[in-house]
Amino acid sequence: MLTSSPVGPVPPPVRQLLDFAWTQTRACAFAIALLAGVAASALLPRLPVARYDLLVAYGVLLTLLFWRRGWENGRDLTVIGVCHVIGLAFELVKVSLGSWSYPEPAVLKFAGVPLYGGFLYAAVGSYVCRAWHLFDLELVRYRPRATALVAAAVYVNFFSHHWLPDVRGPLAVLLLAATAGTWVRYTVRGVRRRMPLALSFVLIGFFLWLAENLATYLGAWRYPYQLDGWQPVGVDKFGAWSLLISITFVLAATGRTRRAGRSGRRGHAARPTDRTGCAE
C-alpha cells in the first residue's frame, strides 16, 4: 500500500482513490490480458495459423488460467460463459447487418464472426465477477425482476432497432427508474462506501467505451468508418455500453441473489460477497 511520498504523507482520500484504482485494475485482469494478446498478435509475423484463431486459443488458455489460479470460481465461469454466448449471438446479427466487421480471415469463423469475438464479452463478465469479489459488493434495495426486464429489453432493442424505432432513450429512463434508490456498497481499505447503481453503469460504460477505442485501434474489429484508417469510436457508443452493462450485471447478480436466498432458508448467513438486499 502507498502510505508516503517524497513530499510527505499521502492524504487518506488519495490513498483511498489509489487503492480503488488498483482494485479496479485487478478486476480488469482478464480484459487487460486479452487486449494485450490482441496487441501482441498484431506484431507477429505471418504465420500458418490465422490471427483470430490464435486469439481463440489464447482466450481459452486465459480462462483456464484464471480458473486454475482460483481467480474465478465455477459460478463466475457460468456467468462468463453466458456472456460469451449472448455476445456471439449479438455479433452474428450485428456483423450480418454491417454494423462492424472482422476483416481478417480465420478458420474458426462463422458468418463473418470469429469465435474469439465472444471473449470480448466474456472479459466484461469477468470484470463484473471479479469486482464483486474484490470489492465485497453488496446491493441495497435492488429490484431484480424490474432491472432484469429492462436489461432484457435493452438487449432486444439493440437488434430490433434495425427494423423498428430505436427506443434506447426510453429504455435509459426505465433503467434509471428500475435502479432508483438502489445502492452498491463496496469496500476500499477496510472502509465501506456506497454508490448509486445507475452511476456505476455510467462509469463502467465510459471505461468500456475507452477500451473499445483501444480494441479497434489494435484491429480487434472494425466499424465501417474505420476500414480505411482508424478513427475514434463515436461517443454514442458510451451510452450504448452504459445500457448494455446492465445485462452483464443482472447475470452476475442473479446467481448471488439465489445463493443468498438458499442460505437464508437454511438458517445460515450468506457469504459476504453474496449479500443482496432485494426490494422485491
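Summary table below
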{"quantity": "Some residue of the stretch 235-256 being open to solvent by 50 Å² or more (accessible area, probe 1.4 Å), more than 20 Å from the chain's Cα centre (by Cα) and either at pLDDT 90 or above or charged (D, E, K, R) (or both)", "calculated": "no"}
{"quantity": "Odd one out for Gly219 among (1) more than 24 Å from Tyr102 (Cβ to Cβ); (2) touching a helix residue (DSSP H, G or I) at 6+ places or on another chain (Cβ under 7 Å); (3) in contact (Cβ under 8 Å) with a residue 40 or more places away in the chain", "calculated": "(1)"}
{"quantity": "Enumeration of residues in the stretch 107-142 that are of a type in the set (A, V, I, L, M), within 23 Å of Phe30 (Cα to Cα) and out of contact with any Ser or Thr (no Cβ under 6 Å at 6 or more places or on another chain)", "calculated": "Leu108, Val113, Leu115, Leu120, Ala122, Ala123, Ala131, Leu137"}
{"quantity": "Test result for Arg75, of a type in the set (Lys, Arg) and not in a helix (DSSP H, G or I)", "calculated": "no"}
{"quantity": "Where a residue in the stretch 137-162 is closer than 27 Å to Ser96 by Cβ and its partner, wherever it lies, is open to solvent by 50 Å² or more (accessible area, probe 1.4 Å) and of a type in the set (Lys, Arg), with Cβ under 9 Å and at least six apart", "calculated": "Val154/Arg168; Asn157/Arg168; Phe158/Arg168; His161/Arg168"}
{"quantity": "Evaluation of Asp76 against (1) surrounded by 18 or more Cβ atoms within 10 Å (Cβ to Cβ); (2) closer than 18 Å to Tyr121 by Cβ; (3) of a type in the set (D, E, K, R); (4) out of contact with any Cys (no Cβ under 6 Å at 6 or more places or on another chain) (one fails), failing number", "calculated": "(4)"}
{"quantity": "Residue satisfying all of: in the stretch 199-216; among the hydrophobic types (A, V, I, L, M, F, W, C) and open to solvent by less than 20 Å² (accessible area, probe 1.4 Å); nearest to Tyr102 (Cα to Cα) among these", "calculated": "Ala215"}
{"quantity": "Test result for Val150, modelled with pLDDT of 95 or more, β-branched (Val, Ile, Thr), closer than 25 Å to Glu138 by Cβ and touching a helix residue (DSSP H, G or I) at 6+ places or on another chain (Cβ under 9 Å)", "calculated": "yes"}
{"quantity": "Top-ranked residue in the stretch 34-49 [being surrounded by fewer than 18 Cβ atoms within 10 Å (Cβ to Cβ) and in contact (Cβ under 8 Å) with a residue 12 or more places away in the chain; ranked as farthest from Glu212 (Cα to Cα)]", "calculated": "Ala42"}
{"quantity": "When residues of the stretch 257-272 are limited to those that are surrounded by 17 or more Cβ atoms within 10 Å (Cβ to Cβ) and in a helix (DSSP H, G or I), the one modelled with the lowest pLDDT", "calculated": "Ala260"}
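The values are calculated or read from the model by the stated rules, or taken from the named source; none is laboratory data. Everything numeric in this text was worked out from a predicted model, so none of it was measured. Reconstructed Cβ throughout: ideal geometry from the backbone, glycine too, with neighbour counts over all protein chains shown. Remember, those area values only see protein heavy atoms, side chains included, never the ligands or the DNA or RNA. Shrake-Rupley method; radii C 1.70, N 1.55, O 1.52, S 1.80 Å.
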